[in-house]
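A short worksheet on the structure shown next.
The values are calculated or read from the model by the stated rules, or taken from the named source; none is laboratory data. Remember, it's a predicted structure, so these values are computed and weren't measured experimentally. Virtual Cβ from ideal backbone geometry, glycine too; neighbours counted across all protein chains shown.
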Amino acid sequence: MSFVKNAWYVAGWSRDFGDDLKKVTIVDQNMVMYRTSEGNVVALEDRCPHRLLPLSKGRRIGDDVQCGYHGMTFDCSGKCVRIPGQDNLPASAYVEAFAVEERHGIVWVFMGDQSKADTDKIFDMAEFSDPNWHAHHGDALHLKSNYLNVAENLVDPAHVSFVHPTTLGNASSENVPVHVQTKGDPIIAWRWIRNAPPIGFFQNFGGFSGNVDRWHYYNLHLPSTAVIDFGSAATEDNLEEENRNDGVRIFALHFVTPVNEQYTIDHWMHLRNTAIEDEAASEQMDAMFRTAFAEDKEVLEAVQEEENRPQKRRPIRIAIDKGPNIYRRRIRELIEAEQTEDLGEPEKPTFVHHD
Amino acid sequence: MSFVKNAWYVAGWSRDFGDDLKKVTIVDQNMVMYRTSEGNVVALEDRCPHRLLPLSKGRRIGDDVQCGYHGMTFDCSGKCVRIPGQDNLPASAYVEAFAVEERHGIVWVFMGDQSKADTDKIFDMAEFSDPNWHAHHGDALHLKSNYLNVAENLVDPAHVSFVHPTTLGNASSENVPVHVQTKGDPIIAWRWIRNAPPIGFFQNFGGFSGNVDRWHYYNLHLPSTAVIDFGSAATEDNLEEENRNDGVRIFALHFVTPVNEQYTIDHWMHLRNTAIEDEAASEQMDAMFRTAFAEDKEVLEAVQEEENRPQKRRPIRIAIDKGPNIYRRRIRELIEAEQTEDLGEPEKPTFVHHD
Amino acid sequence: MSFVKNAWYVAGWSRDFGDDLKKVTIVDQNMVMYRTSEGNVVALEDRCPHRLLPLSKGRRIGDDVQCGYHGMTFDCSGKCVRIPGQDNLPASAYVEAFAVEERHGIVWVFMGDQSKADTDKIFDMAEFSDPNWHAHHGDALHLKSNYLNVAENLVDPAHVSFVHPTTLGNASSENVPVHVQTKGDPIIAWRWIRNAPPIGFFQNFGGFSGNVDRWHYYNLHLPSTAVIDFGSAATEDNLEEENRNDGVRIFALHFVTPVNEQYTIDHWMHLRNTAIEDEAASEQMDAMFRTAFAEDKEVLEAVQEEENRPQKRRPIRIAIDKGPNIYRRRIRELIEAEQTEDLGEPEKPTFVHHD
């Protein structure tokens, strides 16, 4: 297995990048990243082509990076601009440069064929720019687990009752069926739990006194950005599906970045339609998310350990796996398409299909 | 190399198993173990067949175990009794179950073909049930070494003079020849050291003022249970071999459990015909055993490290190796017999042997 | 890749070896080393041929070594002189012995074919025995990096400006060309930086008020002993190359010992023509060397980590690499010569060369 490379991945929040040289690894590619004097974030291959020292061990010379071993210096485009001790600067003396785009406090890097780095394909939501919504950037959760394990967990409402019984789920939801929409991007899995006690999250943060109608919509955008649309409304309000904005509504965003086959970083944040500009509420929600995501981390790292052990039997798939199954199939297809070259229809095909 | 699987191995003492889910690994098989409401100890494969989470990360639901990821639930026989979100429970939704037997405070598990789990084959000794003998359960010694290294050390009286000079051996025994009985099970290696100062062990714990006759009988039962029968009597008593019960006699028992190819747990305990019900004496003996076994551990882990390095020469075998050599050959034969299927005599054999 | 074995390597300083059994590893060969009652240092294979326990886990019996498992005992030549429990001592019961030579407080071991251990080939310098020079033995620097990375750094004057800007180099030297003498042994790379401020080292330790002429001669003797001849003289003295002894001159010696493919020890010391018998000056110089060599260590370990990762492109070589390139080629030739057998000119050659 491998990674989808022709994709934008999140390298961090805007606040994570400054003058310093920072080492960042995505899809097993080490990069040195920094912010130029003009404020742009740069991402270069983190390995001098001479004696392989990571450039992140070197130093800034203006907006260039100088290798810490023999002083070879590269500009923001990766071009070598100086080799101490010689005048000629051959074209092969370069480092790869990766397209970077910064939006809504989020830094994205395009990892594959740079000619395909189309910024229109970067994930976006209208709520980021809507004053009725509050955006709050959370943490970077590090997991010793493959990114597919992490991402499939985000199109899997069924785990919530068992992994997060005190925060995001409770027993009322254990047997509520999951709906799945597997055509198109995102893949969506959702369910409504009607007329049940509020979960821990909305007990603390919703002011409900009686039972509520609660929804969870798991939207998983390829390759690995998840939007968990969840919220509650008093059961007596009889909320329609399309009027979720009238309830207390939260979008929990997860930008799942593959570091290597066994390591993943999940940058998580949320958007909410309540408690705008209320930093105490943000802190309270972060605390609850941290509790819940630590529960995921324990499960997902244990799963990875078992996947690394010898397999004696074929694992089984069950009804609730529809979303994860489709997700893994789509990823396999994307990787297959990237790693092969389709020469298209020959003029005289040998075989002719009739459906 | 590998393991003998059609055998009972010790998973721990009775006191180690209660309501909690406990992870135990034997012959590279992870198991979740717990004691049911009726008091029986259960051992199930520690991996949910769905997404592979170890069941030991889940929780007890009565006498069943519920997976901590999506709530699949298994009973004591390993059968799946619940899959949240669906009604059908296919036969393939099971985990393996392993036979468990508890005797004299010791919990045994049968690791191989469960149809061969014959409890009559569990190691036993009459002294466990004899009021003239006191049984005391010791520790679980963890060793980063293959179980064959650990077990062969227990049919090897010759190492005692060099590895345990202050506790179990001393210089008087360095050149005393070892007798070996290699037919039948157990393999036995023994020697008597006549008319010599008592070893540290019996200086503390025997009340001898002058020289003693000291014996060591190393009984190694296949695959890896050792009974070290050792003791001393005043030299003037002129003790006969068959009258060892008239001296101060101790059976040091070692239940050697292979965890994986590089890791072994030795559960050790003793039976003694003196200081019955004297807990202070038990503590004192444990302290001495711990000193001695820490010496073994250092040697056996260093040997394993060398076995893991490239080998330049064939190792040599010497006179004192007779017991260990026979032991290793027997183990190889047991593994060979388990891993092959003997179809027996054909009706018309191609080759006819004449001896 | 591998190691040059028919060579003397430094195992440590004389002060490192006493009565105790010390484990030393050179070119992946574990040895037990100790000083006999007559004062000679001995190096034996650190593995008992019986059950492989390292002899360094055993004990001294006079000038012999007794294995800590079953008491097999070896004399200084590696011959077995005792097997407890048996009388015959077969010839195959031996451990390898390695030639050791001690000179000027340095302990050398010959690692390859012992019939080729010619002490005339041990590195030496007349200044060791010259009362106008002071020898001071420094530390053993441990590096998680291949020895070739460590040694090539010692025939590479160009790195000094970038890796050691506060101690051994400064910006004045960044663009000064390097001269290289690649015929014969040692390989020499050198440069003079004329009429520049003194580097940190000679600011502390030379008493120069104005600009100086500074030299660096990197002499790398095969397989891996480096002599860095460096010093300064006031620019107005107009020092000739051959009169370096009239300036403040230091020989920094590095004895680079391969431990294994990923681990190297650099025993470093210096000889100086100033501050004779001044221990405070030695301490001051050690402190500066430690700062500088910690900088090398960080670079060389990071380079090794990158070499261990998958390689996507061929690394590039630049003008300053002449010394390192020749050095690596020579090492490859030495290893090739050791690992093959040249049968020489046949009587009737099939091919005849005409140059």
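For residue C:225, are the conditions met, namely being touching a helix residue (DSSP H, G or I) at 6+ places or on another chain (Cβ under 9 Å) and surrounded by fewer than 22 Cβ atoms within 10 Å (Cβ to Cβ)?
Numbers: touching a helix residue (DSSP H, G or I) at 6+ places or on another chain (Cβ under 9 Å): yes; surrounded by fewer than 22 Cβ atoms within 10 Å (Cβ to Cβ): no.
No, not satisfied.
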Give me the strands (runs of 3 or more DSSP E) completely within the range C:166-270, filtered to those with at least 3 residues that are closer than 22 Å to residue A:84 by Cβ and within 14 Å of another protein chain (Cβ to nearest Cβ), ordered by residue number. C:187-196
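Does the range B:14-23 contain at least one residue that is of a type in the set (Ser, Thr, Tyr) and buried (at least 18 other Cβ atoms within 10 Å of the Cβ)? Quick ask: steps written out before the conclusion?
Here is the first cut: in the range B:14-23, the ones of a type in the set (Ser, Thr, Tyr) are B:14.
With the extra rule that they be buried (at least 18 other Cβ atoms within 10 Å of the Cβ), the set shrinks to none.
Within the range B:14-23, not a single residue is of a type in the set (Ser, Thr, Tyr) and buried (at least 18 other Cβ atoms within 10 Å of the Cβ).
Each row is one residue, and each column tells you yes or no for (1) more than 12 Å from chain A (Cβ to nearest Cβ); (2) closer than 27 Å to residue C:182 by Cα; (3) at pLDDT 95 or above; (4) out of contact with any Leu (no Cβ under 7 Å at 6 or more places or on another chain).
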{"site": "C:291", "(1), (2), (3), (4)": "yes, no, no, yes"}
{"site": "C:304", "(1), (2), (3), (4)": "no, yes, yes, yes"}
{"site": "C:308", "(1), (2), (3), (4)": "no, no, yes, yes"}
{"site": "C:313", "(1), (2), (3), (4)": "no, no, no, yes"}
{"site": "C:322", "(1), (2), (3), (4)": "no, yes, no, yes"}
{"site": "C:336", "(1), (2), (3), (4)": "yes, yes, no, yes"}
Just to be sure before I move on: is residue B:253 closer than 14 Å to residue B:123 by Cα and assigned by TED's automatic domain parsing to the domain that holds residue B:200 in the structure I sent? yes
Could you run through the range A:1-41 and say how many residues are outside any loop (DSSP other than H, G, I, E, B), more than 14 Å from chain C (Cβ to nearest Cβ) and more than 20 Å from residue A:123 (Cα to Cα)? 5
Pull up the range C:216-237, narrow it to residues that are closer than 18 Å to residue C:322 by Cβ and aromatic (Phe, Trp, Tyr), then point me to the one that is nearest to the chain's Cα centre (by Cα). C:218
Determine if the range A:195-209 includes at least one residue that is in contact with a strand residue (DSSP E or B) (Cβ under 6 Å, 6 or more places away or on another chain) and at pLDDT 90 or above. no
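Residues are listed down the side, and each one gets a yes or a no for (1) farther than 16 Å from residue A:27 by Cα; (2) touching a Lys or Arg at 6+ places or on another chain (Cβ under 8 Å):
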{"position": "A:113", "(1), (2)": "no, yes"}
{"position": "A:122", "(1), (2)": "yes, yes"}
{"position": "A:125", "(1), (2)": "yes, no"}
{"position": "A:129", "(1), (2)": "yes, no"}
{"position": "A:133", "(1), (2)": "yes, yes"}
{"position": "A:137", "(1), (2)": "yes, yes"}
{"position": "A:141", "(1), (2)": "yes, yes"}
{"position": "A:146", "(1), (2)": "no, no"}
{"position": "A:152", "(1), (2)": "yes, yes"}
Residue check for residue B:211: more than 28 Å from residue B:105 (Cβ to Cβ) and either of a type in the set (A, V, I, L, M) or touching a helix residue (DSSP H, G or I) at 6+ places or on another chain (Cβ under 7 Å) (or both): yes
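Could you identify the single residue in C:254, C:216 that is under 30 Å from residue C:338 (Cα atoms) and in contact (Cβ under 8 Å) with a residue 40 or more places away in the chain?
Working: C:216 fails: under 30 Å from residue C:338 (Cα atoms).
Just one listed residue meets the conditions, C:254.
Just to be sure, is residue B:89 closer than 19 Å to residue A:302 by Cβ and either of a type in the set (A, V, I, L, M, F, W, C) or surrounded by fewer than 20 Cβ atoms within 10 Å (Cβ to Cβ) (or both)?
Values: closer than 19 Å to residue A:302 by Cβ: no; either of a type in the set (A, V, I, L, M, F, W, C) or surrounded by fewer than 20 Cβ atoms within 10 Å (Cβ to Cβ) (or both): yes.
Criteria not met by residue B:89.
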Go through (1) crowded, with 21+ Cβ neighbours inside 10 Å; (2) of a type in the set (Lys, Arg); (3) within 21 Å of residue C:220 (Cα to Cα) and name the single condition residue C:47 misses. (3)
Within the range B:135-143, is there a residue that is farther than 30 Å from residue B:261 by Cβ, hydrophobic (A, V, I, L, M, F, W, C) and exposed (fewer than 15 other Cβ atoms within 10 Å of the Cβ)? no
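Conditions tested, residue by residue: (1) surrounded by 17 or more Cβ atoms within 10 Å (Cβ to Cβ); (2) of a type in the set (D, E, K, R).
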position	(1), (2)
B:25	no, no
B:32	yes, no
B:51	yes, yes
B:77	no, no
Any residue that is buried (at least 20 other Cβ atoms within 10 Å of the Cβ), of a type in the set (Val, Ile, Thr) and in the same structural domain as residue A:156 (by TED's automatic domain parsing) - is there at least one of those in the range A:298-311? yes
Taking the options B:281, B:226, B:233, name whichever one is in the same structural domain as residue B:186 (by TED's automatic domain parsing), at pLDDT 95 or above and not hydroxyl-bearing (Ser, Thr, Tyr). B:226
Working only within the range B:67-79, note down all residues that are within 11 Å of chain A (Cβ to nearest Cβ) and either in a loop (DSSP other than H, G, I, E, B) or closer than 13 Å to residue B:34 by Cα (or both). B:67, B:68, B:69, B:70, B:71, B:72
The one condition in (1) over 29 Å from the mean Cα position of the chain (by Cα); (2) closer than 30 Å to residue A:53 by Cα that residue C:60 fails to fulfil: (2)
